[in-house]
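As structure tokens, the structure follows; a few thoughts come after it.
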Amino acid sequence: MGFYFAQLLTGLANASSLFLIACGLSIIFGVTRIVNFAHGSFYMVGAYLAYTLVTTLPAGIFGFWFSVIAAALIVGVVGLIIEVTILRRIYHAPELFQLVATFGVVLIFQDGVLAIWGAEDLLGPRAPGLDRAVRIMGEPIPEYDLALILIGPLVLAGIWLLFHRTRWGVLVRAATQDRDMVDALGVNQAWLFSGVFVLGAALAGLGGALQIPREAASLQMDLSVIGEAFVVVVIGGMGSVAGAFVAAVLISVLNAFAILIFPQISIVLPFVVMAVVLIVRPYGLFGKPGSEHGGAAEPEQPLRLMSSQGAMVLAALVFALALSPAVVSEFSSILLVDVMVATLFAVSLHFMMGLGGMVSFGHAAYFGVGAYAAAMTVSFLGFGMLPAMAAGPLAAAAAALFFGWFCVRLSGVYLAMLTLAAAQILWGVVFQWQDVTGGDDGILGVWPPEWASDDRVFFYVAFVACIGGIWLLRRVAHAPFGYGLRGIRDSELRAEALGMDVKLHQWMGFALAGAFAGLAGAVFAFSKGSVFPDALSIAQSVDGLMMVLLGGIHALAGPIFGAGVFVLIEDWVSRLDYWRFIFGAIILVVVLLAPDGVAGGVERLLRVLGLRRGDAA
Amino acid sequence: MMSVLEVRGLSKSFGGVEAVADVSFGLARGEFLALIGPNGAGKTTCFNMLNGYLGPDRGSVKLNGQELVGMRPRRIVRMGVGRTFQITLTFLSMTVRENVQMALIAHHRRLYDLWSRAAQMFVPEADALLDLVSMREQAGRPCSELAYGDLKRLELAIALAHEPVLLLMDEPTAGMAPSERVALMELTAGIVQERGVSVLFTEHDMDVVFAHAHRILVLNRGRLIAEGTGTEIRENALVQEVYLGGGTVFAREGDDA
Ligand SMILES: Nc1ncnc2c1ncn2[C@@H]1O[C@H](COP(=O)(O)OP(=O)(O)O)[C@@H](O)[C@H]1O
Ligand SMILES: [Mg+2]
């Protein structure tokens, strides 16, 4: 009995820090409609700052709590800087740009923290005065856990007072319910948004700072917490503080008991709970239907079938690519395989995101499942390369059918968050299921068979799979199915009025995109000879997003162009120190200055310089 | 003669407010029926129950004898109930012709075709429909460039692609210039007559209503208060009070008290 009670208390203590980060995320979303990826970074920076302050200031109760609060406040100021310099420019951008821009901030913070604090994990001292354990029903309970259990509800009460007893708080609530109303009241929006962002950032910083006696500050904190925080916000209802609290408690307590039965479940459990909640209540426990989209994008131009000149140029390029192994070095041949794999991956992402309007932050999940399925077909079942390359897309399609069923029930940022959560789950399964997937060590020795072992021969295998896949997806884009996806993106109501089954159509689109990502993953596995959990990581998903963005989301050829540019940039940048910083900066430049991709950006630059006349007079 | 549409005792409340209360009417084949009433009378709510977007609290809607209540909107579309929207909804990233082609593709259940080129399917049929609404010249233009009046006509062509037996048009001329309104309704009336489609439409412009409607229903505060031809409705004292009084019947009573 006492043991279970102790377990409950541990769950509640975990819930407090999860609540702090999730409620900031939720408040920011409620008012600004931005899903802030960088929220995990605020949490991480809070932890590092608190570490530095606690270890520099004189030890003692006052020093500790002063450090925690000061760290939270500094993170608030950092949040203000981010809001004023970046977010303010994208409040009216489509949700894709908002998500990607905040991810750029994540990358910049990762290298910033690395530069300041180094790569070592930093474990803070125990909290003075709370460094022992008390016995409750015979079980030792850390005093600090009890303090955390108190802090969660205290912060909740503080926010409640702020929102119900101050004019500012009332405005925040009004804005969460109806943004137009705040416009009508003539409230200074910029001021309101900045304030909300500072509050949210400071809460995340507080959550991080409070963690240091329990958990070492590390460079992985940001992304490991953000997935769970997203889940909590979605379960609680976006914009609802009380919902975030209930969801944090629900997840943490369930988790504390579930791991007794099945230790590996902790990574999967939040997703399972989220799936159940979303089936019953699509907007979360306390959420209300509301705008899940960012600003409207400019209407896209109709698709055109390629002109005969265009087709000839393309055929010539494909032909040149097909002949390249005879001309270029073996090394370039391998790089070209990388480019083809990346291109197929980007085209499959563009298929669901550009055509289908379903922004995915977890597309790498299907790439990775394809890669692992191919590798396992070889290493466990002993099949050859060709059956393995068929197994990749099939397994990916199955995974995409499973997760897609949940995802297409939502749209906009909700869908994006769910795709991310799904990818995090799959990553966790791969990472933890050591017996089958090899965990962190991955699966090695996934080489092509004798006949294809020459790099030049393998080039042709990859060529057929990737160029064939890209061609098929293009074909589907021009077919009724692809038009249907685009139609649903343009207007769901109209599509329904035509008698279309909107959800089924999107679901099939999701699965098809997943299958082709899986094909790319299978080729990838054989080109590298191995697979690691990285193949499913957020970073891999974001690479795909970058390729699509670089090429411009509105053009069918965009991802092809974008993948080429991306692989070349990556090839150069990843040799440098602090490449994440550079990458983050590139992301921000693209989003803020060239939202229609590099091609569009160049076009606009030319227009500004007067070198080309615009279409409109 | 048997009605195409039979509505019996249709009712819907929103949190205690009766938006539509016990509405019953029939619609004959080829009939052009207007549903009028002041703002907030319940016209849109009524339409949304007919096409399945709202479930009624009570009542039945029968299309050629088959119950529609409880069916999903897309089933109802497939049963032959077309609609146009109060604010036009088209696929903005497609051309005018492609919008009609999409409707035809959906109608012929070819949506899951992964191979054919959508832009080359049902071209003659699409062009014939565009001819019907005089939009043929604009077939290749992106929808995002069209004037509002043209979008309205395009919506009509899209709705006709399904060969509907019943067309529901919620404020088809809203947002149009007066001369355009008359033209659009004349066009619609002609098509109705030619194809034997039945139409139920709501409309604010009384000139349009009296000029084209075969029969008129008047809704006020969720209830049907009158029904008849243009002349009968014009002479109906209750209707005059609702419209000329500048408010609802009950509001006027309140003023008098
Ligand atoms: N979804 C809804 N929730 C609450 N009240 C509604 C809703 N839709 C309509 N109403 C109310 O029902 C009444 C009828 O509205 P509506 O059908 O839009 O009228 P009309 O189209 O004739 O102008 C109005 O009082 C309106 O406020
Ligand atoms: Mg209306």
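The values are calculated or read from the model by the stated rules, or taken from the named source; none is laboratory data. Given the structure is predicted, the values throughout are model-derived calculations rather than measurements. Note: ideal-geometry Cβ built from the backbone for every residue, glycine included; neighbour counts use all protein chains shown.
Output the number of residues of segment A:298-328 satisfying the condition of being part of a helix (DSSP H, G or I) and either away from every other protein chain (no Cβ under 14 Å) or not aliphatic (A, V, I, L, M) (or both).
Within segment A:298-328, residues that are part of a helix (DSSP H, G or I) and either away from every other protein chain (no Cβ under 14 Å) or not aliphatic (A, V, I, L, M) (or both) number 19.
Got a number for residues in segment A:551-583 being assigned to a helix (DSSP H, G or I), crowded, with 20+ Cβ neighbours inside 10 Å and either of a type in the set (Asp, Glu) or at pLDDT below 85 (or both)?
Residues in segment A:551-583 being assigned to a helix (DSSP H, G or I), crowded, with 20+ Cβ neighbours inside 10 Å and either of a type in the set (Asp, Glu) or at pLDDT below 85 (or both): 2 in total.
Tell me the residue from A:431, A:524 that is at pLDDT 95 or above and of a type in the set (Phe, Trp, Tyr), please.
Values: A:431 fails: at pLDDT 95 or above.
Going through A:431, A:524 in turn, just one is at pLDDT 95 or above and of a type in the set (Phe, Trp, Tyr): A:524.
With the structure loaded, tell me whether residue B:150 is outside the structural domain of residue B:39 (by TED's automatic domain parsing) and surrounded by 14 or more Cβ atoms within 10 Å (Cβ to Cβ) or whether it fails that test.
Answer is yes for this residue.
What is the number of the single condition among (1) within 14 Å of another protein chain (Cβ to nearest Cβ); (2) assigned to a helix (DSSP H, G or I) that residue A:545 does not meet?
Checking residue A:545 against (1) within 14 Å of another protein chain (Cβ to nearest Cβ); (2) assigned to a helix (DSSP H, G or I), the one that fails is (1).
Suppose we filter segment B:27-54 for residues that are within 14 Å of chain A (Cβ to nearest Cβ) and either within 9 Å of ligand 1 (Cβ to nearest atom) or not hydroxyl-bearing (Ser, Thr, Tyr) (or both); how many remain?
Residues that pass the stated criteria total 7.
Among the residues of segment A:134-159, count how many are touching a helix residue (DSSP H, G or I) at 6+ places or on another chain (Cβ under 9 Å) and surrounded by 14 or more Cβ atoms within 10 Å (Cβ to Cβ).
15
Which members of segment B:175-205 meet the condition of being within 16 Å of ligand 1 (Cβ to nearest atom) and modelled with pLDDT under 85?
Result: B:175, B:204, B:205.
Which of the residues that make up segment B:157-175 are within 16 Å of ligand 2 (Cβ to nearest atom) and away from chain A (no Cβ under 13 Å)?
B:171, B:172, B:173, B:174, B:175
Kindly indicate whether residue B:154 is over 19 Å from residue B:63 (Cα atoms), within 14 Å of another protein chain (Cβ to nearest Cβ) and more than 16 Å from ligand 1 (Cβ to nearest atom).
In short, yes.
Write out, first by first residue and then by second, each pair whose Cβ atoms fall under 7 Å of each other, whose residues are 6+ apart or on separate chains, and whose first residue, in segment B:27-46, is assigned to a loop (DSSP other than H, G, I, E, B) while the second is within 11 Å of ligand 2 (Cβ to nearest atom).
Final answer for the pair search is B:37/B:43; B:37/B:219; B:41/B:219; B:42/B:19; B:42/B:219.
Quickly run through segment B:20-48 and pick out the residues that are polar (S, T, N, Q) and within 16 Å of ligand 2 (Cβ to nearest atom).
B:39, B:44, B:45, B:48
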